[in-house]
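The values are calculated or read from the model by the stated rules, or taken from the named source; none is laboratory data. Nothing here was measured: the structure is a model prediction, and the numbers come from that model. Note that each Cβ is placed from the backbone with ideal geometry, even for glycine, and that neighbours are counted across all protein chains shown. Please note that ligands, DNA and RNA were not included when accessible areas were found on the heavy atoms of the full protein model with its side chains. Shrake-Rupley method; radii C 1.70, N 1.55, O 1.52, S 1.80 Å.
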Amino acid sequence: MTQRRLARGDFLGALRKSVSGGGFCVELRIATLPPEAVVEHAHDEAHFILPLDEGYRSLADGDRSGRGGAVRAGALIYNPPGTTHQDCFDEAGGRFLSVSTPASAAIGGDRPVLLDDAVSTAAVRRLVGGCIRFEPGDDLALEDQALAMVAVAGQRGAGKSTGTPDWLETARDMIADLACRQGLEVRGIAAAVGVHPVHLARTYRQCFGISPGDAIRRRRADIAMAALARGLRPIEAAQAAGYADQSHMTREHGRIYGVSPTVSAAALV
């Protein structure tokens, strides 16, 4: 299989929007190739990938063989310069955000990393909205959001944190899997893993930098974003993601992504 070398800002996907600021290039793309057509390739520059649909496979999940394991929509992946991989979606049509960094902003290391801390993943979600609604003069705000993401990414790794109890990992998996269930409460998750809700909330924030309630809201927004990108109507996306109604989804989507659901959907088709 022939390896392909990709220059700065070159990714395997159709470009929908590209903006830049402070040496960062932020792009919204749609994967156009089925997985069997994605050859081994490497990027000249360090970059981040935020899958906006489910079914993205990356070596950053810890599996260094083949195409790697599946990561969820909303996961933040960092690839160092020169990383060789075959990262792709399970099928063509997946949406993703790419952030190419200037050389001075590379976070170090020589392996892909899956980041799951509150600050960097919050910043990259805001970059989605910043990219969609970008106007002349917004380059400084774009740079600020990108630098916030890089600063924390350089300090934190991915996967299971050192010393994280198994019950807390179970709680995090439950949030990811059950966030779209209407009526889901933190106390229900705490009961399922056998701890007091206060202990869950305190330990979750200490380990992951976010409250379990905010983690649920963020996961719902990711599910809604993927549903909108697939062409579901806003009311259908709200139901699929577990929101009380469409207005609830609109409020939360704007808070997390910095742009309305309808604007997001229009930019991703």
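Key figures for this structure:
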{"item": "Scan of the range 230-263 for residues that are of a type in the set (S, T, N, Q) and part of a helix (DSSP H, G or I), ordered by number", "result": "Gln239, Gln246, Ser247, Thr250, Thr262"}
{"item": "Single condition Gly183 does not satisfy, out of (1) among the small types (Gly, Ala, Ser); (2) touching a residue at least 12 places away in the same chain (Cβ under 8 Å); (3) open to solvent by 20 Å² or more (accessible area, probe 1.4 Å)", "result": "(2)"}
{"item": "Among the candidates Ala176, Ala227, residue that is open to solvent by less than 20 Å² (accessible area, probe 1.4 Å), on the phi < 0 side of the Ramachandran plot, in contact with a Lys or Arg (Cβ under 9 Å, 6 or more places away or on another chain) and outside any loop (DSSP other than H, G, I, E, B)", "result": "Ala176"}
{"item": "Residue match in the range 33-45 (condition: more than 21 Å from Thr121 (Cβ to Cβ), touching a Leu at 6+ places or on another chain (Cβ under 8 Å) and open to solvent by 60 Å² or more (accessible area, probe 1.4 Å))", "result": "yes"}
{"item": "Single residue of Glu40, Glu27 found to be touching a helix residue (DSSP H, G or I) at 6+ places or on another chain (Cβ under 8 Å) and of a type in the set (Asp, Glu)", "result": "Glu27"}
{"item": "Identity of the residue in the range 15-32, part of a loop (DSSP other than H, G, I, E, B) and either closer than 17 Å to Gln86 by Cβ or in contact with a His (Cβ under 9 Å, 6 or more places away or on another chain) (or both), that ends up least open to solvent (accessible area, probe 1.4 Å)", "result": "Ala31"}
{"item": "Members of the range 186-211 found to be in contact (Cβ under 8 Å) with a residue 12 or more places away in the chain and farther than 15 Å from Thr121 by Cβ, listed by number", "result": "Val186, Ile189, Ala190, Ala192, Val193, Gly194, Val195, Leu200, Ala201, Thr203"}
{"item": "Selection status of Ala70, in a strand (DSSP E or B), of a type outside the set (S, T, N, Q), farther than 23 Å from Val269 by Cβ and touching a Ser or Thr at 6+ places or on another chain (Cβ under 7 Å)", "result": "no"}
{"item": "Checking Ala244 against (1) within 13 Å of Cys180 (Cα to Cα); (2) among the aliphatic types (A, V, I, L, M); (3) buried (at least 19 other Cβ atoms within 10 Å of the Cβ), the condition it does not meet", "result": "(3)"}
{"item": "Any hit, the range 189-200, residues being crowded, with 17+ Cβ neighbours inside 10 Å, in contact with a strand residue (DSSP E or B) (Cβ under 6 Å, 6 or more places away or on another chain) and part of a helix (DSSP H, G or I)", "result": "no"}
{"item": "Matching residues, the range 198-215, being aromatic (Phe, Trp, Tyr) and within 17 Å of the chain's Cα centre (by Cα)", "result": "Phe208"}
{"item": "Meets criteria (within 16 Å of Ile132 (Cβ to Cβ) and either without any contact (Cβ under 8 Å) to a residue 24 or more places away in the chain or crowded, with 17+ Cβ neighbours inside 10 Å (or both)) for Leu12", "result": "no"}
{"item": "Given (1) in contact with a strand residue (DSSP E or B) (Cβ under 7 Å, 6 or more places away or on another chain); (2) under 25 Å from Phe208 (Cβ atoms); (3) open to solvent by 30 Å² or more (accessible area, probe 1.4 Å), index of the condition Gly69 fails", "result": "(3)"}
